[in-house]
Protein chains: 2
Amino acid sequence: MTGLLPDRDPRIPTRIADSMHLPGRWDAGQWSAELAEIRRWLAGCGRPAHAEVRRVGLDHLDGWYRDPGTGDIRHRSGKFFSISGLAVDIPGGPVEHWHQPIIIQPEIGILGILVKEFDGVLHCLMQAKIEPGNENGLQLSPTVQATRSNYTRVHGGKPVPYLEHFVDTTGSGIIVDVRQSEQGSWFHRKRNRNMVVEVTGDVEAEDGFRWMTLGEIHRLLAVDDLVNMDARTVLSCLPFAGLDLDRIHRRSGDDLHTALLRSCSEESGSLHPLSAVLSWITERRTRTEITTTLVPLDSIRGWRRGPAGITHESGLFFDLMGVDVTTGGREVGHWTQPMLEPHGTGVVAFLVREIGGVLHLLVRARVEPGFVDVVELAPTVQCTPENYDCLPPAARPPFLDEVLLAGPRRTRFATALSEEGGRFYHARNSYRIVETDLDPGDEPADFRWLTVRQLIELLRHSHYVNVQARTMIACLHGMLAGLPS
Amino acid sequence: MTGLLPDRDPRIPTRIADSMHLPGRWDAGQWSAELAEIRRWLAGCGRPAHAEVRRVGLDHLDGWYRDPGTGDIRHRSGKFFSISGLAVDIPGGPVEHWHQPIIIQPEIGILGILVKEFDGVLHCLMQAKIEPGNENGLQLSPTVQATRSNYTRVHGGKPVPYLEHFVDTTGSGIIVDVRQSEQGSWFHRKRNRNMVVEVTGDVEAEDGFRWMTLGEIHRLLAVDDLVNMDARTVLSCLPFAGLDLDRIHRRSGDDLHTALLRSCSEESGSLHPLSAVLSWITERRTRTEITTTLVPLDSIRGWRRGPAGITHESGLFFDLMGVDVTTGGREVGHWTQPMLEPHGTGVVAFLVREIGGVLHLLVRARVEPGFVDVVELAPTVQCTPENYDCLPPAARPPFLDEVLLAGPRRTRFATALSEEGGRFYHARNSYRIVETDLDPGDEPADFRWLTVRQLIELLRHSHYVNVQARTMIACLHGMLAGLPS
């Protein structure tokens, strides 16, 4: 049957694995030298790309206005994003009804990483990018982060470098191309198109860009606030499950590492067949009754509008505030915008254990009011613990104490990472992978044990795996390479 | 790795194939005897289940009212469904802007077929069901068709038989469980949960129900107006692609049959890898700008409200009208309801051809305003030809003439089938499979050649394959068994 193709290119997982282990690169102290070099490069990029970020009142933003009828916050161009109110009803939920502000950004942007082989090894073109919400300035980001407003140049800035490779993919290899959701507690039905596109022709790394192997990038995931959310979500969509990966990923002799390798293998079974997982998701989505209604921002109960911004009367959850940004190295040199500033650092964690020798993650079917389709699969725990102080005890997330009380021996990964710095101001989560010996036969109705391979399979499609779980998938992928000693 | 399971049960496709060919059953004249017997059974069921359906004015329906503010049509219980207006904008489309009435039914119902082995062969419990919109009375329907209103008994009728098997699946085998969309031109974001559940205990076929093999049901798909839409959509979700199916399905010696068998085989390749198909869907969904806004039914332009119902000023498309129904064998004996009555018989067709020995279908990424996610995969042609008389020539569907002008030699399947008789009055489409020799290298941007196996793979997930394409998948599955001579 000439000319017909299999459904996936089996070389891609092998090529991804090869890029995790550039031969002879990570021995004896080489990583700390490499890390120091990357930090110097980032610092060097920071000079032209410096940013000054000042807080300003929500009602004093250039180009933004408060809709006189609703109080909603909008840009005069009608583009970018707006902020409205959302009324949420979840009959039978721990909190059955609430109001909140929500960011509306219906346009689908592109988050794209350009990849290219150098000496037979895949390299990713990464950008040192400053975002106003970053606490620490520059972070490692995808080649391209472009909203539709960006690339149709609503703000009249400079063109987005390398964008053409993602808009016209003729002649390129597409490794990832899938729309994925973002924070469903803060965004109303936001999706971005996550892309990884391979080019074969010459592509120069411009100032502020750098070709890096997957091994380099993934090791940087263990460094606080260094790899940005957009990079993490794109990396999580890489189809890294495959066959024979244990020939490439040297086993560390550690049981967790061995179980993780098996969890990424196409040959390993799982506690639940994928068909049963899909049926469980269907059941959760059908059974959960959630009604969300956009309402005027001025009408939401429990929130106060002051000169600085909008806050919840408890002082918890998040504020809406404004920033005034002056920067050197971005598309525009000066702008103002509203941002969402969460209170407290969140905790995002997967409880993991081996079942039959294969690492399984305890996944939650989580309802977030901004999701397109009722629930998505989320980490075991995803919350800001302080927020539960004013809520009924039944609202306290299951397994939170299991995560918070785990000692360093069972906490196998813990890194504080920033959320999207273009919309969120100083939003950080402590991402953790925690070993547990919970009985796998005892799953609450909205939890299931899944393998990494099953999540990778679901990541080929939209609306299955939420953005926090995607960060964790990228971190687990990084653990395959072994963390630097 | 004890106790772990593969992602799919490989015996299911084999068991499905076995149920298509009850050994020694379909030889020499047995089919016509069998068909006559099924018709007698249906006619027998028809006596207690007779229905009298009378047209009544939209404003004279018991239990339904016209919302004084908007003109929307609603049920007094707030349940069942309502009819509102929809404003549609598709910049760059052949028709860029229109208004239309639309049926809103946000609750997700269950369409379920109960299956059970008798003498080692899977049988489906089918129901002879009357629906007010059926032109010919009884049709073969799934074991259960239940809206949430049905099974919470809003209308105070009798309980739905066998529903308990789909609400609590503990101890049963789940073969299909996926939400799928319905007509996106007539419904606003309607989904039903399609289920096939296998039981092992004793289950009696009550009056009006009958255990049938898949071979029997699929052969009935070639009979006009006999297998209803709900049965077809559930059947289409059966995971019938597998390995070694050609050992079970006897080859008829016909090239199309051989290519179709290969198209259902897990071992065959395809013109495009599934990853490329998914990327194409992502691209179509990202690129298409469609805005749909619910508006008051009284405000829609181009439609007229008369005493009988609501019609388009051109006399085309569809009417909204009311019916008064009296029946013997259904949950309630008498009711009235609004219905949508389309004008003309639609044409729904897949152009098919072998590529590299494997049958491929020319699939369209089709925009329908009621879809949850912009586009779904549809047959090559899906339209009511008369509706294009008043539209610009650019709006005429591609490949329509190729389908209409194909002679009987190239038209390999043609059956008129009814759409959902609970909402649509006398809605029929001529479903056709037409062989073509179009150049597979020449695909318009919204068309791609896919194999049957690829569509079956996508049918594990929601929102990929529209309801008309699903009917065609069920018909293609039936062709595997060979049509009765």
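The values are calculated or read from the model by the stated rules, or taken from the named source; none is laboratory data. None of the values given here were measured: they were computed from a predicted structure. Positions of Cβ are generated from backbone atoms using ideal geometry, with glycine treated the same way; all protein chains shown enter the neighbour counts.
Worth a mention:
- Being within 14 Å of chain B (Cβ to nearest Cβ), in contact with a Cys (Cβ under 6 Å, 6 or more places away or on another chain) and of a type in the set (A, V, I, L, M) is a description that applies to A:Leu459.
- Residue within segment B:405-419 that is closer than 30 Å to B:His97 by Cβ, touching a residue at least 24 places away in the same chain (Cβ under 8 Å), buried (at least 17 other Cβ atoms within 10 Å of the Cβ) and within 16 Å of the chain's Cα centre (by Cα) present: yes
- Lone unmet requirement of (1) under 23 Å from A:Gly333 (Cβ atoms); (2) in contact with a Lys or Arg (Cβ under 6 Å, 6 or more places away or on another chain) for A:Arg47: (2)
- One residue alone among B:Gly78, B:Gly92 is within 14 Å of chain A (Cβ to nearest Cβ), closer than 30 Å to B:Thr291 by Cα and assigned to a loop (DSSP other than H, G, I, E, B), and that residue is B:Gly78.
- Condition met for A:Ser275 (within 18 Å of A:Thr451 (Cβ to Cβ) and either touching a Pro at 6+ places or on another chain (Cβ under 9 Å) or within 14 Å of chain B (Cβ to nearest Cβ) (or both)): yes
- There is at least one residue in segment B:225-234 that is touching a His at 6+ places or on another chain (Cβ under 9 Å) and more than 14 Å from chain A (Cβ to nearest Cβ).
- Whichever residue in segment A:337-358 is hydrophobic (A, V, I, L, M, F, W, C) and within 22 Å of the chain's Cα centre (by Cα) and, among such residues, is farthest from the other protein chains (Cβ to nearest Cβ): A:Val347
- Subset of segment B:174-215 [within 14 Å of another protein chain (Cβ to nearest Cβ), touching a Phe, Trp or Tyr at 6+ places or on another chain (Cβ under 8 Å) and more than 30 Å from B:Glu341 (Cβ to Cβ)]: B:Val197
- A count restricted to segment B:286-301 and to residues that are buried (at least 19 other Cβ atoms within 10 Å of the Cβ) and either free of Cβ contacts under 8 Å to residues at least 60 places away in the same chain or facing chain A (nearest Cβ under 7 Å) (or both) stands at 1.
- Residue match in segment B:367-376 (condition: more than 14 Å from every other protein chain (Cβ to nearest Cβ) and buried (at least 24 other Cβ atoms within 10 Å of the Cβ)): no
The rows are residues; the columns are (1) of a type in the set (Gly, Ala, Ser); (2) buried (at least 22 other Cβ atoms within 10 Å of the Cβ).
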site	(1), (2)
A:Leu140	no, yes
A:Lys158	no, no
A:Tyr162	no, yes
A:Asp168	no, no
A:Val176	no, yes
A:Asn194	no, yes
A:Glu198	no, no
A:Gly201	yes, no
A:Phe209	no, no
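- Hits in segment A:316-334 (condition: out of contact with any helix residue (DSSP H, G or I) (no Cβ under 9 Å at 6 or more places or on another chain) and touching a residue at least 12 places away in the same chain (Cβ under 8 Å)): A:Phe318, A:Asp319, A:Val323, A:Val325, A:Thr326, A:Thr327, A:Gly328, A:Arg330, A:Val332
- Taken as a whole, the structure places B:Phe81 among residues that are under 19 Å from B:Trp186 (Cβ atoms), out of contact with any Pro (no Cβ under 6 Å at 6 or more places or on another chain) and among the hydrophobic types (A, V, I, L, M, F, W, C).
- Any hit, segment B:146-161, residues being under 23 Å from B:Phe318 (Cβ atoms) and touching a residue at least 60 places away in the same chain (Cβ under 8 Å): yes
- Residue that is farthest from A:His21 (Cα to Cα) [pool: residues in segment A:252-271 that are of a type outside the set (S, T, N, Q) and within 7 Å of chain B (Cβ to nearest Cβ)]: A:Leu271
- Taking segment A:386-404 as the range and being surrounded by fewer than 17 Cβ atoms within 10 Å (Cβ to Cβ) and touching a residue at least 24 places away in the same chain (Cβ under 8 Å) as the test, the residues that pass are A:Glu386, A:Asp389, A:Cys390, A:Leu391, A:Pro392, A:Ala394, A:Ala395, A:Pro398, A:Leu404.
- Within segment B:33-55, the set of residues being within 26 Å of B:Thr336 (Cα to Cα) and either part of a strand (DSSP E or B) or basic (Lys, Arg) (or both) comprises B:Arg47, B:Ala51, B:Glu52, B:Val53, B:Arg54, B:Arg55.
- Test: residue in segment B:108-130 that is over 30 Å from B:Gly201 (Cα atoms) and either at pLDDT below 95 or of a type in the set (D, E, K, R) (or both): no
Yes/no per residue for (1) surrounded by 19 or more Cβ atoms within 10 Å (Cβ to Cβ); (2) of a type in the set (D, E, K, R); (3) over 23 Å from B:Val144 (Cβ atoms):
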| position | (1), (2), (3) |
| --- | --- |
| B:Ala36 | no, no, yes |
| B:Gly44 | no, no, no |
| B:Leu58 | yes, no, yes |
| B:Gly63 | no, no, yes |
| B:Pro68 | no, no, yes |
| B:Arg74 | yes, yes, yes |
| B:Glu117 | no, yes, no |
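- Whenever a residue of segment B:248-273 is surrounded by fewer than 21 Cβ atoms within 10 Å (Cβ to Cβ), its partners that are assigned to a helix (DSSP H, G or I) and hydroxyl-bearing (Ser, Thr, Tyr), lying with C-beta atoms within less than 7 angstrom and at least six residues away or across chains, give the pairs B:Ile248/B:Thr14; B:Arg251/B:Thr258.
- Residues in segment A:248-292 that are more than 25 Å from the chain's Cα centre (by Cα), assigned to a helix (DSSP H, G or I) and not hydrophobic (A, V, I, L, M, F, W, C): A:Asp255, A:Thr258, A:Ser275, A:Ser279, A:Glu283, A:Thr286, A:Arg287.
- Scanning segment B:387-399 for residues that are farther than 30 Å from B:Ser141 by Cα and either of a type outside the set (Gly, Ala, Ser) or assigned to a loop (DSSP other than H, G, I, E, B) (or both) turns up B:Tyr388, B:Asp389, B:Cys390, B:Leu391, B:Pro392, B:Pro393, B:Arg396, B:Pro397, B:Pro398, B:Phe399.
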